[in-house]
Amino acid sequence: MFGTSTTLSAYDRVIASENPFHHVESLVLRRTWIPLAAVALVLASTGLLAFRVEVPVLTVLAQIVFWFVFLASGFWLASKAYQRLLWRVSGRLAFSYFLIGVVPIPLVGALVLLVGWVLSGFFLGHLFRADLLTLVRQTVAAAAHASGEATTEEDSPFAFAHYAGGVRVAGDPRAPATWPEWLAVATRENQGKVPQFVTLPGGDSTLAAAVGAERPGSGTLAFVHRDVGELLRSRAGFWIGPLQSADDRESSRISVGSTELNFRAEPSSKQEMVELGHERRQFFLERSKGSRWLDSPFVRWVHRTPPSRDFATGADAEAGGSFVLAATLRMVGRPLASADTEFSEFVWVAFLALSVLLFVLYAVAELIALTLIFGLSRAVSRLYRATTQIAEGDFSVRIPVRRTDQVGALQQAFNTMAANLQDLVATAAQKELLDKELEIAREVQKSLLPQSLPTREALDLATLFEPSAAIGGDYFDILRWGDDHLAVVIADVSGHGLPTGLRMAMVKAALQILVEQCDDPTEILGRLDGVVRGEGGERFFVTATLGRLDFRRGKLELANAGHPPTYLLSGGTVREILLPGSPLGALRRNYGQATLDIADGDVLVWLSDGLVEASDPAGDPFGYDRIVDCLAGTTQSATEVRDRLLAAVAAHARGTAASDDRTLVVLRYTGSSTTATKA
């Protein structure tokens with residue numbers, strides 16, 4: 001149960017923070033709904049003021065605020081919708097593909113249609129110009145070959161007039177009464193390459209040409225007496241008609257205050273394409289084969305012509321005329337077809353094959369793009385779900401890696417990260433368990449040390465126990481040894497950590513038993529040596545000093561097993577009691593021993609090698625000589641000696657961490673005094 005609770009504690013610390021994804025979602029909701037509620041409140045209040053309250057100034061201001069807030073909130077909602085749409089990677093990919101792969105298609109299609117429409121218009125204009133020039137050349141030829149009295153045949157599109165002596169002697173009465181020298185000059189110079197439009201007395205515009213004879217003022221004039229548009233569309237195969245002049249359009253008048261604006265109603269292009277005049281509608285109906293798309297006049301063009309001149313005087317009658325050209329797709333395609341049927345079929349088959357190839361390529365590209373988008377969005381969704389599970393504390397989640405690209409490498413890296421996190425959590429749990437166990441062991445070790453020092457005897461005691469690790473190997477104890485004796489022991493078990501602490505507990509338990517059974521310190525060390533040697537497992541050693549103090553007579557019996565010397569402070573001088581001996585558990589079993597007389601005010605100091613070996617940043621140890629120098633001098637209490645020694649060691653170390661346990665026992669013998677202190 002203890003291990004389970006520790007694991008859960010470590011796990012709780014790993015996921016103690018709030019789930020970041022839930023935090024983001026709640027933050028987005030707060031940032032969206034709170035401003036939206038505020039905007040709705042402002043719109044409602046300003047709307048009431050703007051449309052319900054009849055206070056002029058207040059109403060105008062409220063309307064301004066209302067429409068400003070309305071537009072601003074519209075832009076804000078659009079931006080939020082845009083962000084919401086693009087929050088997911090799949091949405092971003094789909095939107096990017098829509099912009100790159102879908103939007104250009106209708107734009108390109110519209111551009112192709114526009115280009116096709118313009119090219120069709122240019123093509124119609126080219127056909128119109130070709131037929132117009134053909135009619136001009138025919139008019140010139142008709143004027144050149146006419147002889148005698150010019151008459152107009154019913155099936156001939158031309159009317160003639162003959163001039164002699166500068167006046168009309170025969171022909172159509174609509175022709176000028178005098179010889180039109182300007183027309184003859186223009187016909188001779190242009191040679192039928194430029195159309196000459198003239199205005200007949202009735203106002204109709206037509207083509208004319210004049211060819212002069214040898215005598216001045218004599219010659220023949222020919223002009224088209226039928227509708228030019230009708231002649232041209234019968235030749236071209238598509239609709240050709242004069243553009244409606246501005247004078248023929250209906251006028252509209254709009255009054256704005258005291259100002260009147262006159263507008264000429266331009267004919268609607270859509271209306272002209274759908275609601276054609278009777279003649280044009282009849283023209284297209286006669287040539288229709290029942291197809292809505294191929295037989296509807298989608299192609300429209302306007303072609304301007306040179307200015308029309310007055311037939312009698314040659315003066316410019318108007319700025320210039322224009323012809324409306326209208327054709328169906330079938331009419332545009334018919335002239336494009338080759339006279340060679342096989343060649344036309346080859347061209348159309350090649351065109352269709354290329355179109356099918358482009359469509360197949362686009363379909364394949366579309367399929368590849370959709371596959372990439374779906375695969376990438378699915379991989380990102382898996383990574384998102386796995387990351388959410390990690391954030392919720394499930395470190396066992398793994399992503400199946402089937403991709404061999406960068407996304408697959410990212411998934412593999414995620415799996416490695418999740419495995420490392422799982423190991424780290426397990427390690428953290430184990431470490432916490434071990435730390436708790438070490439804490440318990442540390443408390444147990446502290447409980448093995450004397451909890452209360454003797455206070456009834458003529459003694460003054462001060463101690464220090466400072467392990468360098470969680471569990472130290474040093475040990476000291478002060479035990480009652482009979483009625484008039486006191487046992488003082490200090491020991492150092494080799495190694496650190498939990499095994500060393502357990503061995504120290506074993507030494508303490510054995511020592512407490514042996515003190516009650518034996519009176520000789522050397523014999524006790526010998527029996528402890530047997531206990532240490534009898535311990536199974538890895539071999540270890542123990543250095544120890546055991547003192548038996550007769551505090552009634554002032555006698556001290558010392559036995560040493562490889563431990564640092566004992567120091568006797570008497571009358572301001574320091575005596576180093578060095579007793580060579582072998583550690584417990586070593587090959588030899590010889591122990592140093594001595595008996596000392598202790599006077600009132602004398603101080604005994606036992607310490608471990610951690611104080612002697614305390615090093616400064618340069619690695620120089622404190623050493624025995626500095627200990628002797630530090631202990632020298634008069635002393636008033638055991639605490640003073642302890643603190644003076646520890647201050648000297650700290651000053652020497654200058655913050656360097658201890659590498660070994662530090663244990664210190666200071667005993668001041670007060671003789672007949674019955675008071676003692678505990679530091």
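The values are calculated or read from the model by the stated rules, or taken from the named source; none is laboratory data. Nothing here was measured: the structure is a model prediction, and the numbers come from that model. FYI the Cβ positions are ideal-geometry reconstructions off the backbone, even for glycines, and counts take in every protein chain you see. These accessible areas exclude ligands, DNA and RNA; they are computed on the full protein's heavy atoms, side chains included. Shrake-Rupley method; radii C 1.70, N 1.55, O 1.52, S 1.80 Å.
What are the equivalent ellipsoid semi-axes of segment 585-678, built from the alpha-carbon gyration tensor (square roots of five times its eigenvalues), in whole angstrom, biggest first?
26, 21, 11
Summarise the accessible area of segment 530-679 (1.4 Å probe, protein heavy atoms) by the percent that is carbon and sulfur.
Roughly 49 percent of what the probe reaches on segment 530-679 is carbon or sulfur.
Taking the solvent-accessible surface of protein heavy atoms with a 1.4 Å probe, what is the per residue accessible area of segment 126-242 in Å²?
For segment 126-242, the per-residue accessible area is 47 Å².
How many Å² of accessible area per residue for segment 591-663, probe 1.4 Å?
Accessible area per residue: 44 Å².
Please list His162, His126 from largest to smallest accessible area, probe radius 1.4 Å, with all protein chains kept in place.
Greatest to least solvent exposure: His126, His162.
Given a Förster distance of 22 angstrom, what is the FRET efficiency for Ser288 paired with Leu352, based on the Cβ-Cβ distance and rounded to 0.05?
0.35
Please arrange Phe158, Phe98, Phe75, Phe223 by accessible surface area, largest first, computed with a 1.4 Å probe and ligands excluded.
Descending order: Phe75, Phe98, Phe158, Phe223.
Mind putting a number on the dipole of segment 545-679 about its Cα centre? Charges go on the C-beta only, +1 for Lys and Arg and -1 for Asp and Glu, and I need it in Debye to the nearest 20.
Roughly 460 debye for segment 545-679.
Relative to the present Cα-Cα distance, how much length would full extension add between Phe75 and Thr634 at 0.36 nm per residue of separation?
192.3 nm
Can you compute the modelled spin-label distance between Glu443 and Ala337, with each label point 7 Å from Cα toward Cβ, in nm?
10.5
Extension gain Asp597-Leu421, at 0.36 nm per residue separation less the Cα-Cα distance, in nm?
Stretched fully, the Asp597-Leu421 segment lengthens by 56.8 nm.
Could you list which residues have their amide H under 5 Å from that of Arg480, counting only those 5 or more apart in sequence or on another chain, with H placed in the peptide plane?
Ala487
Of all accessible surface on segment 157-211 at a 1.4 Å probe, what whole percent is carbon and sulfur?
Carbon with sulfur: 54 percent of the solvent-accessible area.
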